[in-house]
Amino acid sequence: MKESSILDLEGISKKYSRQASPAVNQVSVSLPQGHLLSLLGPSGCGKTTLLRLIAGFEQPFQGSIAIAGNIVANSNFHLPPEKRDVGMVFQDYALFPHLNVTKNIAFGLSQNRKKHRGQLKQQVQSAIALVGLEGLENRYPHELSGGQQQRVALARALAPRPNLVLLDEPLSNLDVQVRLRLRTELRDILKAAGIAAVFVTHDQEEALSIADSVAVMQQGRLEQHDAPETVYTFPASRFVAEFVTQGNLIPAYCTHHGWETEIGTFALSASQISEEVTGDCGELMIRQEDMTLTPDGDSDIIIRDREFLGREHRYRLQLPSGSELKVRNHQKQPLSLQTPVRVSLDEGMLQLFPTGTSEQATLGRNEPQLTPNR
C-alpha cells in the first residue's frame with residue numbers, strides 16, 4: 001500500500017443476492033491525498049454502490065477498503081460510517097429545514113463533545129468562508145438558491161476536516177448555467193481544502209472537467225482509470241470510447257490496402273488497434289470533432305440534419321448504407337441540408353475496437369440510491 005494514498009480499494013466486490021451478478025466486481029483503485037476522483041458510468045453500472053461501500057453503508061463480500069492507511073472494511077470486518085472520518089454530500093443535500101446555515105454546518109461538529117465551543121465556532125466560520133457563504137449564516141435552506149444549498153452541504157462535509165469527502169451527483173439538481181459555474185467552484189473549494197474527494201456522475205463533461213482522474217465503470221467492472229485527457233484520447237475499451245467520447249463507430253474490414261470503411265480506407269498502426277480485435281473486422285472510432293466537411297457533388301454522403309449548438313454545428317450525415325455519422329464543425333458558414341459532402345479526418349486519431357452494440361453504453365442494472373439514514 002502506498003503511503004501517499006488516502007483511499008485504497010483492493011478487489012472490491014458486492015452482490016445483493018446469490019443469484020445476481022455482482023453490482024461491483026473486482027474493483028481496485030487508489031486515490032492520492034488531495035486528488036479528486038470521478039466515478040463515471042451509465043445508470044446501473046455500480047458507481048453508487050461503490051460509493052456506498054466506501055461510505056460504510058454497504059459491506060463488501062470480497063476485497064478490502066482502506067482509508068488513510070487503516071482497513072475500514074473487508075468480508076469479515078466493517079467499521080461503521082460515523083467512525084470512518086469521511087464527509088458526505090448527498091444528491092438532495094439533506095439539509096435540516098429548521099436549522100439555519102450556521103447550525104446546519106455545525107451539526108456534525110456538535111456531535112464531538114471533546115471540542116471546545118470556541119473551536120467549533122472557528123471551524124464553522126472557516127467552512128463558511130471556504131465556500132463563499134459569508135453574510136448568509138442566518139438564512140434557512142428555503143431562503144437559499146440551489147447553488148447556495150449545495151455549498152452549505154459541502155461546507156458541512158468539510159467542516160470536520162475529514163480524510164475523504166464523498167459526493168453523490170452533487171450538481172445534478174441544478175440548472176445548466178448554475179451547474180457549469182459550480183463545477184469550477186467545487187473543484188477550487190476542494191483543492192483549497194486539500195481534502196481528497198470521490199464523486200459520482202453520469203455526465204462525461206462534468207467528470208472530465210472536475211477530476212484529477214476518472215474511473216469509468218460498466219456492469220460493475222472498472223473499464224479504465226486514468227487522467228481525464230488519457231481517458232478521452234486513449235480509451236481502453238470500446239465501451240469507454242463510445243460512452244466517454246460519444247464518437248462514431250463504423251464497420252471496418254481489413255484488406256491488403258488497410259482497414260476499409262464506407263468513408264475510406266485507412267492504414268492503422270499497431271497502437272491504434274485494440275488488443276481485443278481479432279480477425280479481419282472491427283469498428284473504427286471517429287470522434288465527432290476530428291472530421292471536416294467539404295461540399296462535393298460526386299459524394300454519396302449527404303447532410304441529413306443540422307443542429308446549432310452556439311459555438312458550433314453538429315451535422316448528421318447519411319452514409320451510402322443508410323447509417324449515420326455525427327460531425328461537430330466550427331465553420332462559420334453552415335452547410336445546407338441534403339448537401340453532398342466529402343469527409344476528411346485526422347487519421348492519427350483513429351482507433352479500432354472489436355465489433356459490438358451501442359446498447360452496452362446505455363443499458364445497466366438498477367442500483368440503490370445513496371440516501372442519508374434519517
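The values are calculated or read from the model by the stated rules, or taken from the named source; none is laboratory data. Quantities reported herein were computed from a predicted structural model and do not represent experimental measurements. Virtual Cβ from ideal backbone geometry, glycine too; neighbours counted across all protein chains shown.
Brief remarks on what is shown
- Leading residue by the ranking (surrounded by the most Cβ atoms within 10 Å (Cβ to Cβ)) among those in the stretch 28-55 that are in contact with a helix residue (DSSP H, G or I) (Cβ under 6 Å, 6 or more places away or on another chain) and farther than 23 Å from ALA193 by Cα: GLY41
- Any hit, the stretch 106-117, residues being in the same structural domain as LEU166 (by TED's automatic domain parsing) and at pLDDT 85 or above: yes
- Given (1) among the hydrophobic types (A, V, I, L, M, F, W, C); (2) farther than 30 Å from GLN224 by Cβ; (3) assigned to a helix (DSSP H, G or I), index of the condition LEU99 fails: (3)
- Test: residue in the stretch 194-213 that is buried (at least 24 other Cβ atoms within 10 Å of the Cβ) and in a helix (DSSP H, G or I): yes
- Scope the stretch 320-374; condition modelled with pLDDT of 50 or more and of a type in the set (Lys, Arg); matching residues: LYS326, ARG328, LYS332, ARG342
- Residue in the stretch 214-223 that is under 16 Å from PHE353 (Cβ atoms), of a type in the set (Val, Ile, Thr), part of a strand (DSSP E or B) and outside the structural domain of LYS15 (by TED's automatic domain parsing) present: no
- Residue within the stretch 298-314 that is touching a residue at least 60 places away in the same chain (Cβ under 8 Å) and surrounded by 12 or more Cβ atoms within 10 Å (Cβ to Cβ) present: no
- Only one of the listed residues (GLY44, GLY118, GLY132) is over 19 Å from LEU190 (Cα atoms), in a loop (DSSP other than H, G, I, E, B) and either under 31 Å from the mean Cα position of the chain (by Cα) or small (Gly, Ala, Ser) (or both). That residue is GLY44.
- Number of the condition not met by SER75 [criteria: (1) at pLDDT 85 or above; (2) under 27 Å from the mean Cα position of the chain (by Cα)]: (2)
- Subset of the stretch 161-188 [modelled with pLDDT of 90 or more and buried (at least 19 other Cβ atoms within 10 Å of the Cβ)]: PRO162, LEU164, VAL165, LEU166, LEU167, ASP168
For (1) under 12 Å from the mean Cα position of the chain (by Cα); (2) modelled with pLDDT of 95 or more, each residue gets a yes or a no:
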| residue | (1), (2) |
| --- | --- |
| ILE210 | yes, no |
| MET217 | yes, yes |
| GLN224 | yes, yes |
| ALA227 | yes, yes |
| THR230 | no, yes |
| GLY247 | no, no |
| GLY264 | no, no |
| THR278 | no, no |
